[in-house]
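Asker: Take a look at this one; I'll ask things after.
The values are calculated or read from the model by the stated rules, or taken from the named source; none is laboratory data. Here the structure is a predicted model, which means the values were calculated and not measured. Because the Cβ atoms are built from the backbone with ideal geometry, glycine has one as well, and the counts that use them run over all protein chains shown.
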Amino acid sequence: MRVAGIGIDIVEIARIAESIECHGESFLSRLFTANERDYCESRAMPAMHYAARFAAKEAVAKAFGTGIGERAAFLDLEIINNSAGAPQVVLGGSAKKHADDCGITEIQVSLTHSREYAAANAVVIAG
């Protein structure tokens with residue numbers, strides 16, 4: 001097993017909140033899965049949780065070495081919480097194919113947020 005990539009991203013929570021306010025459903029449905037939306041909307045401050053998941057998707061795409069795009073679309077990178085509450089990445093579509101093609105066996109992700117920012121880092125392991 002080897003570290004195949006690392007990624008990090010930071011997002012202004014206000015920017016995500018403004019995008020939700022201005023673009024609503026079209027913004028949310030382009031970037032977040034139904035599971036992610038259900039989770040974020042169940043929280044007291046949804047924009048903070050959306051921002052953390054946005055940062056995590058960007059961090060994973062950077063760890064893949066692809067950025068967001070054809071091989072790692074926003075909706076193909078789902079950030080959910082496991083039974084212990086820790087964030088985990090569920091891959092679908094093009095992201096899953098890319099991971100399989102590259103021999104990626106594990107993705108570790110960590111999220112954090114303050115009043116103004118949400119951040120995430122990701123480590124991709126192959127082998």
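Asker: For the range 64-71, does any single residue satisfy the condition of being in contact (Cβ under 8 Å) with a residue 40 or more places away in the chain, touching an Asp or Glu at 6+ places or on another chain (Cβ under 9 Å) and under 16 Å from I107 (Cβ atoms)?
Answerer: no
Asker: Shifting gears a bit: Restrict the check to the range 109-127 and report whether at least one residue is modelled with pLDDT under 95, farther than 16 Å from Y50 by Cα and either loosely packed, with under 15 Cβ neighbours inside 10 Å or touching a helix residue (DSSP H, G or I) at 6+ places or on another chain (Cβ under 8 Å) (or both).
Answerer: Yes: the range 109-127 contains one or more residues that are modelled with pLDDT under 95, farther than 16 Å from Y50 by Cα and either loosely packed, with under 15 Cβ neighbours inside 10 Å or touching a helix residue (DSSP H, G or I) at 6+ places or on another chain (Cβ under 8 Å) (or both).
Asker: I've got another one for you. Looking at the structure I just gave you, is A51 farther than 18 Å from I107 by Cβ and in a helix (DSSP H, G or I)?
Answerer: yes
Asker: What residue, of A59, A99, is under 14 Å from the mean Cα position of the chain (by Cα), assigned to a helix (DSSP H, G or I) and of a type outside the set (D, E, K, R)?
Answerer: Among A59, A99, only A59 is under 14 Å from the mean Cα position of the chain (by Cα), assigned to a helix (DSSP H, G or I) and of a type outside the set (D, E, K, R).
Asker: Sticking with this one: Name the pairs: first residue in the range 82-100 and at negative phi and exposed (fewer than 13 other Cβ atoms within 10 Å of the Cβ), second residue outside any helix (DSSP H, G or I) and modelled with pLDDT of 95 or more, Cβ to Cβ under 8 Å, at least 6 apart or on different chains?
Answerer: Correct list of pairs: N82/Q88.
Asker: Still on this model: Criterion first (farther than 12 Å from A122 by Cβ, modelled with pLDDT under 95 and not β-branched (V, I, T)) does R71 satisfy it?
Answerer: yes
Asker: Restricting to the range 62-85, give me the number of residues that are in a strand (DSSP E or B) and among the charged types (D, E, K, R).
Answerer: Here the count works out to 1.
Asker: Follow-up question, since we're still on this one. Quick one: how many residues across the range 102-127 are within 14 Å of A4 (Cβ to Cβ), more than 12 Å from the chain's Cα centre (by Cα) and either among the aliphatic types (A, V, I, L, M) or not in a strand (DSSP E or B) (or both)?
Answerer: 8
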